[in-house]
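For reference, the structure discussed in these notes is given below.
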Amino acid sequence: RPTSASAPPSRDRGSTAEALAALRKAHALGAAKPGWPYPTAQWVREAERMAALDARLPDLLRGDDRPDDPEEVLLTRPHRPH
């Protein structure tokens, strides 16, 4: 599935760490090009947050840790099939 310039790649495949590494590499390569049109720095920041949250997820799901903000509440809720 193609992604737009304003949306980070889908996080429904692979690991968060792999995605973060790929985004860091893409940012390093792309940002060096004049006129680079993609917000890869933002994507890297978002992937870093997701990787940190992913590391906390087991504790969050057990109730041993609490989400820091409403966005984390939504990101850590179990998804139910439609």
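Miscellaneous remarks
- Residue that is open to solvent by 90 Å² or more (accessible area, probe 1.4 Å), modelled with pLDDT of 85 or more and in contact with a helix residue (DSSP H, G or I) (Cβ under 6 Å, 6 or more places away or on another chain), where the choices are Arg62, Arg66, Arg24: Arg24
- Flag if Thr40 is at pLDDT below 80 and among the β-branched types (Val, Ile, Thr): no
- Residue ID - modelled with the lowest pLDDT, chosen from residues in the stretch 69-82 that are open to solvent by 50 Å² or more (accessible area, probe 1.4 Å) and assigned to a helix (DSSP H, G or I): Leu75
The values are calculated or read from the model by the stated rules, or taken from the named source; none is laboratory data. All values reported here derive from a predicted model rather than from experimental measurement. Counting neighbours? That spans all protein chains shown, and the Cβs are built from the backbone with ideal geometry, glycine included. What goes into the accessible areas is simple: the full protein's heavy atoms, side chains included, and nothing from ligands, DNA or RNA. Shrake-Rupley method; radii C 1.70, N 1.55, O 1.52, S 1.80 Å.
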